[in-house]
1. Express in Å², to the nearest 10, the accessible area of A:ASP208 obtained by rolling a 1.4 Å probe over the protein heavy atoms while all chains stay in place.
2. Using a 1.4 Å probe on protein heavy atoms only, how many Å² of accessible area do B and A hide from each other, summed over both chains and rounded to 100?
3. Taking the full set of protein chains and a 1.4 angstrom probe, give the accessible area of A:HIS192 in square angstrom, rounded to the nearest 10.
4. What accessible area per residue comes out for region B:3-261, rounded to a whole number of Å², with a 1.4 Å probe?
5. Between Rg and the Kirkwood Rh of the protein assembly as shown, both from Cα atoms, what is the Rg to Rh ratio?
6. With a 1.4 Å probe and every protein chain kept in, tell me what percent of the accessible surface of chain A is carbon plus sulfur.
7. How charged is the neighbourhood of A:LEU212? Take every other residue with its Cβ under 13 Å from the Cβ of A:LEU212, and add Lys/Arg as +1 and Asp/Glu as -1.
8. Which one, B:VAL122, B:GLY213, B:ALA71, is farthest towards the positive end of the dipole of region B:3-261 when Lys and Arg carry +1 and Asp and Glu -1 on their Cβ?
Amino acid sequence: MREPIVIENLSKYYNKFLALDNLCLRVAENENVGLLGPNGAGKSTTLKILCGLIRPSSGAAYIDGINIAEKPEQALSRIGAIVETPEFYPFLTPEETLSYFGRLRGMRGDRLRHRIKEVIQLVKLEDWSTVKIEKFSRGMKQRLAVAQALLHDPPILILDEPALGLDPRGVVEFRQIIEEVGKKKTVFFASHQLGEVTQICNQVAIIDHGKLLAYDNIAQLEEKYQSLERAYLALTGEPIE
Amino acid sequence: MSEFEKLRVVIRYEFLKHIRRRRLYWILGVAIVAELAVLIGLPALMDGYPDNVMVMAALLSIGPGFATFGAIFFAGDAIAGEFESKTGYMLFTNPVRRITLVTGKYFACYAAVILLVLLGYVIVSISLLVIYGNVPIETAKSFGLCLFYAGGVLSVTFFFSSVSKGAMGATVMTLLFTMVISGIIESVLLMAGKPSWFLLSTAGDSMVYVYGGYELFLEGVMPNGGMLPFAIETPDIGLAALSMAVYLVVGLVLSIWISGRRQLT
């Protein structure tokens, strides 16, 4: 079985603070895996290492077998990512922004124009495609972030709280998009929303203090702990009565 | 796709960002006001324009000089801004080497500054042509030195941008370095009669003294014929150009190296 995402003994220190402690994780092809954990558990650190934004203190992370720290450009060409709250250049429009990032990924001409139109329609920003991003709300930027992550049709999606800032309709639409594209892609995404994870993912990894506490099928965790919520609470601290 | 093709893409879109920003037009406005101040203020305060076209050309260099400082305002947030405003989370997840991104940003900033400087020298040339009926060949040399100076200032700004947490810090540090610190050291060295061509501020002055040195400039504009309490030696143009080239290369290389090691936490 192919494993597009492999995390091996990953540790990360921020000065003396240990954010990741020998984390090991393997995500199989076309799996949708949710990364759960309390604030400061190491979720964003894990995703940032996978996206080449920070370097691990020790261990390694691989995208399609490519060590991200050694060959970041090759590894990044296989992923679409949303990390933290997305921010864009305020003086550019969504079309220009997507054109910029698309060209950096080798897309051009009619293929790029067609794809930009497609993803803008997908995230329902058609009426705003030529408006400068400085006028955008947080939710609209989040939609644009989803569009840029899907632009080059990557086989792997790495998403950090992707529904943050979206209105209720936006959350539902986002879920539908990820459910649909997730059938053909490997999705690894961090979230605090257990309900969202349950609907999108078939597996979850629960981490705390940089350590992997559980990595299992959601159905099996629900069977063992009665619900994913109970599993999360039991694994990350004292259960709440 | 080659890194060169990616570089072209980065330059294109980073330049588009500069064109869309109001600060480009503000700097252009300041440069034009500076030129107008000389063109209108000089005959009003003195008895007409200087007799020597070289003196007037040197005086009008103030406009392109101001335009050069646009480099600081364009480049201050070029690298620091990606970290401060978190746009780097989008840009750096693209399969592009940091060296390509920083170099592309540098060329885009340079292109914007060249545009401003070029407009400044067009105004200088037209003014000289209208007032004196000719444009000295030294104007072209001054233009070349001004571009060198802009490149040096840009590299220094990129260096501060690569080490700063915020764009404002990078801008302030560059202004302090190029105007205050360099200026103080330059004054001390001038009074002590020591060479200061290695300072960016002195080297930048070469765009003015290319017209004939300090003596000509002072004689042309000072009522006492340019007498100062200490002697000023006009630095060698070649050394000044070399100095600016060193700032340009070292600043850019350092900013590329530091940016490549910087993590987006």
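1. Taking all protein chains as shown, A:ASP208 has close to 20 Å².
2. So the total buried area for this chain pair works out to about 3100 Å².
3. So the heavy atoms of A:HIS192 present about 80 Å² to solvent.
4. Result: 44 Å² of accessible area for each residue.
5. Dividing the radius of gyration by the Kirkwood radius yields 1.11.
6. That fraction is 46 percent.
7. -1
8. Working it through, the farthest residue towards the positive pole turns out to be B:ALA71.
The values are calculated or read from the model by the stated rules, or taken from the named source; none is laboratory data. Just so we're clear, the structure is a prediction, and the values are computed from it rather than from any experiment. Cβ coordinates were reconstructed from backbone atoms using ideal geometry, including for glycine residues, and neighbour counts include every protein chain displayed. With ligands, DNA and RNA removed, areas are computed over all heavy atoms of the protein, side chains included. Shrake-Rupley method; radii C 1.70, N 1.55, O 1.52, S 1.80 Å.
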